[in-house]
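The values are calculated or read from the model by the stated rules, or taken from the named source; none is laboratory data. What you are looking at is a predicted structure, and each value in this text was computed from that prediction instead of being measured. Positions of Cβ are generated from backbone atoms using ideal geometry, with glycine treated the same way; all protein chains shown enter the neighbour counts.
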Amino acid sequence: MNSIPRIRFAHLPTAVEDMPRLTAALGGPKLLIKRDDQTGLAFGGNKTRKLEFLVAEAKEQDACLLITGGAMQSNHCRQTAAAAAKFGLDCILVLAGEHQEEPTGNLLLDFLFDADVVWVEKREARDAKLQEIYQTAQESGCKPYLVPYGGSSPTGALGYAFAVEEMLGQGIRPDWIVFGTSSGGTHAGLVLGQRVFGYGGKILGISIDEPEEKLKAHVAALASEASEKLGPRIQFSPDEILANDRYCQAGYGVFGEGEREAITLFAQNEGILLDPVYTGRAAAGMIDLIRQGFFKKDETVLFWHTGGQPALFAGKYQNEIL
Ligand SMILES: *Cc1c(COP(=O)(O)O)cnc(C)c1O
């Protein structure tokens, strides 16, 4: 395992904190939070753990350019742009949307990190544009490294396999881990780490934008593939992946009452900031499940904070939060 290329720049281990006031406000179970919003790179977030492995792979391939894509307020793109700056690489981001006269939130930071932003009108057009940019870069002699959406390749997922080892090393063994899942790398890494490092609790991903069945199949495949980087292949089946897609019906990035309440409860009981797209939605799901009695009162639930707070200051959301 030590031969896997990794550049250690994240601030690890991230803290695990009790949330006693939120626990009381919701009437149990005992709530903990793992602060991956504080991984240290440019406002932090879950992509930092993945980028430790992805940037190492890019460097090993002598890449001079990172290319990736995402939504206009992509945390993944902001973190990738920051990592590129830190390691002296160029960065091109393919974002869905249109040129913004006054960039806000993550997009503002992308420009601050000097990433080149290429706009495509529709989400579906991103793949072709990424390929085109990749080809052009290759021909120009600057070796490109294509960072997958959300950093969710088998290489990127390793970041979260080792995050489980880190949590166990902190003496933390919650009955449940709850977090927001989308491109699946965090989820896949966690279930892989669970198996490899022996964690006996349950790992429940609250879907941000994908139907449950699709997500489970994708996470199982990704975890299986990532396992080969650590040793003999472990075959994960979709049935053993826990995911809940009941909180994403409004669509990706659509801010609603659940997100607003979750952000407010975390802020006003614990002084902790969630984001409007991912952790707000994931926490809304967790809160609803608590109210439904899904968790036992004597269980411990760890909410894994995955970051994303710059989106609080995105024009799209800043006026909706309160
Ligand atoms: C990307 C992201 C997620 C989802 O992680 P995946 O590995 O893509 O499933 C969750 N929360 C935040 C804040 C993110 O930026």
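From D114, D175, which residue is at pLDDT 95 or above, outside the structural domain of D298 (by TED's automatic domain parsing) and either of a type in the set (D, E, K, R) or crowded, with 20+ Cβ neighbours inside 10 Å (or both)? Outline the logic, then answer.
Details: D175 fails: outside the structural domain of D298 (by TED's automatic domain parsing).
Matching residue, one of D114, D175: D114.
What residue, of L32, L66, L54, L41, is within 21 Å of D114 (Cβ to Cβ), of a type outside the set (G, A, S) and more than 16 Å from the chain's Cα centre (by Cα)? First the steps, then the outcome.
Numbers: L32 fails: within 21 Å of D114 (Cβ to Cβ); L54 fails: more than 16 Å from the chain's Cα centre (by Cα); L41 fails: more than 16 Å from the chain's Cα centre (by Cα).
On inspection, the qualifying residue turns out to be L66.
When A63 is evaluated against the numbered criteria (1) at positive phi; (2) more than 16 Å from the ligand (Cβ to nearest atom); (3) of a type in the set (G, A, S), which criterion, by number, is the only one it fails?
Tallying (1) at positive phi; (2) more than 16 Å from the ligand (Cβ to nearest atom); (3) of a type in the set (G, A, S), A63 fails exactly one: (1).
Where in the stretch 20-95 are there helices (runs of 4 or more DSSP H), lying wholly inside it, with at least 1 residues that are crowded, with 23+ Cβ neighbours inside 10 Å? Write out each step before concluding.
On the way: elements: 20-26, 47-60, 75-86.
Counting at least 1 such residues, we get 47-60, 75-86.
Give the residue, chosen from F87, F111, F162, that is in contact with a Pro (Cβ under 9 Å, 6 or more places away or on another chain) and of a type in the set (F, W, Y). Can you show your working first?
Working: F87 fails: in contact with a Pro (Cβ under 9 Å, 6 or more places away or on another chain); F162 fails: in contact with a Pro (Cβ under 9 Å, 6 or more places away or on another chain).
The conditions single out F111.
Those residues that are away from the ligand (no atom under 16 Å from the Cβ), touching a residue at least 60 places away in the same chain (Cβ under 8 Å), over 30 Å from L230 (Cβ atoms) and not hydrophobic (A, V, I, L, M, F, W, C), I need them from the stretch 105-159; list them, please.
K129
In the stretch 194-238, how many residues are more than 22 Å from L302 (Cα to Cα) and not small (G, A, S)?
16
Report the residue count in the stretch 20-52 for those that are assigned by TED's automatic domain parsing to the domain that holds F294, more than 15 Å from G307 (Cα to Cα) and modelled with pLDDT of 95 or more.
12
Counting only residues that are within 9 Å of the ligand (Cβ to nearest atom), assigned to a helix (DSSP H, G or I) and of a type in the set (V, I, T), how many does the stretch 174-192 have? Before the answer, list the steps.
As a first pass, look at the stretch 174-192 and keep what is within 9 Å of the ligand (Cβ to nearest atom): 179-189.
Checking the rest, the ones that are also assigned to a helix (DSSP H, G or I) come to 185-189.
Subset that is of a type in the set (V, I, T): 186.
Within the stretch 174-192, residues that are within 9 Å of the ligand (Cβ to nearest atom), assigned to a helix (DSSP H, G or I) and of a type in the set (V, I, T) number 1.
Name, by its number, the condition in (1) within 16 Å of the ligand (Cβ to nearest atom); (2) touching a helix residue (DSSP H, G or I) at 6+ places or on another chain (Cβ under 6 Å); (3) farther than 27 Å from G315 by Cα that does not hold for G69.
In the conditions (1) within 16 Å of the ligand (Cβ to nearest atom); (2) touching a helix residue (DSSP H, G or I) at 6+ places or on another chain (Cβ under 6 Å); (3) farther than 27 Å from G315 by Cα, G69 misses (3) alone.
Tell me, which residue of the stretch 127-160 that is under 26 Å from I4 (Cβ atoms) and among the β-branched types (V, I, T) is surrounded by the most Cβ atoms within 10 Å (Cβ to Cβ)?
V147
Report whether or not A262 is among the small types (G, A, S) and surrounded by fewer than 21 Cβ atoms within 10 Å (Cβ to Cβ). First the steps, then the outcome.
Details: among the small types (G, A, S): yes; surrounded by fewer than 21 Cβ atoms within 10 Å (Cβ to Cβ): no.
The answer is no for A262.
For P232, indicate whether it is farther than 19 Å from P148 by Cβ, within 18 Å of the chain's Cα centre (by Cα) and not assigned by TED's automatic domain parsing to the domain that holds S74. If you could, list the steps in order and put the result at the bottom.
Numbers: farther than 19 Å from P148 by Cβ: yes; within 18 Å of the chain's Cα centre (by Cα): no; not assigned by TED's automatic domain parsing to the domain that holds S74: yes.
No, not satisfied.
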